[in-house]
Amino acid sequence: MTRTNAQYRLVARPVGLPAASDFRYAEEPAPRPGEGEFLVQVDYQVMRAAGIGRVVESRRPAHPVGEVVSGTFGVQRYALSDGKDVAPVDLSLGHLGALGYSGLTAYFGLLDIGRPEPGQTVVVSAAAGSVGALTGQIARIKGCRAIGIAGGPDKCRFLVEELGFDGAVDYKAGNVRAQVRDLAPDGVDVFFDNVGGDILDDVLTTLAHGARVVISGAVSQYNSERGFRGPANYMQLLVNRASMTGFVIFDYAARYGEARAELADWLRSGRLKERTHVITGGVERFPQALLGLFTGENTGKAVPAL
């Protein structure tokens, strides 16, 4: 059987927001698996070029034809794999986000780095995104107050009315630090930051004594044409005897199973909810889907369907 592989290749590293011209679309015959390899038809694309799909040809008994797997497959319709860093998935449990990198990032970043205690206040930036939405819910499961920062009234309503956050800050309405202080009058115990920039600066002024700031990402800085800008209010860490710690999710690879087991239990019980923003149109739509991550188009996990 002859299969045509469609893929996007990065041909230029963008300065500022990425454009379609930074990628090149290509078609070529799909590779055939050799001994110990298998071919995956990628159905869904998630960030870091991870993908979820079905094994369509296999010369590796551990991964038979028909198995649904996740792995770092690149932006293409067919991917060849030797099984390294590939795991079987159960799509019925919402693996696209909650049991994928988004859920793992939320789980370890909040619980291992943030170390929230029952009754404490957890603030999450980019809270309507894939990581932030899960982080706030995990905070609630652990007995904390969860406050999300998001853009616009619709996203803020989604956080409170659908996901159970205790409050939401609309950064587009202005004066973020005043809004956070109103919702957290005793200070912020854990700030899980996905944004950086002005949002980080504002929340630093609201920290409680002994607060923990978790650096998960800095989406406001990724496409800056002037380079990264660090926090101007970092001295609040000294004043409040607080800490700021970054982490990389791949450092927790040996514990992925532990996290997925607990996340799956929360999904089954309904304590953890996930919204998936599926973008249809195939591989050809990938550049537009990628740009949407930086312009706030998605609520929940953005997933291009290939």
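The values are calculated or read from the model by the stated rules, or taken from the named source; none is laboratory data. Since the model is a prediction, treat every value here as computed from it, not as a measurement. Counting neighbours? That spans all protein chains shown, and the Cβs are built from the backbone with ideal geometry, glycine included.
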Counted residues, the range 151-210 - those being among the acidic types (Asp, Glu) and more than 22 Å from Gln221 (Cβ to Cβ): 7
Those residues of the range 76-103 which are crowded, with 24+ Cβ neighbours inside 10 Å and assigned to a helix (DSSP H, G or I), in sequence order: Ser102, Gly103
Matching entry among Ala254, Ala242 (being over 18 Å from the mean Cα position of the chain (by Cα) and under 23 Å from Arg140 (Cα atoms)): Ala242
Hits in the range 257-266 (condition: under 17 Å from the mean Cα position of the chain (by Cα) and either closer than 16 Å to Lys142 by Cβ or part of a loop (DSSP other than H, G, I, E, B) (or both)): Ala259, Leu263
Within the range 104-214, strands (runs of 3 or more DSSP E) holding 2 or more residues that are touching a residue at least 60 places away in the same chain (Cβ under 8 Å), of a type in the set (D, E, K, R) and assigned by TED's automatic domain parsing to the domain that holds Met235: 188-193
Failed item, numbered, when Ala126 is tested on (1) buried (at least 18 other Cβ atoms within 10 Å of the Cβ); (2) at negative phi; (3) modelled with pLDDT of 95 or more: (2)
The range 161-212: number of residues that are among the β-branched types (Val, Ile, Thr) and surrounded by fewer than 18 Cβ atoms within 10 Å (Cβ to Cβ): 1
Single unsatisfied condition, Arg13 versus (1) at pLDDT below 80; (2) in a strand (DSSP E or B): (2)
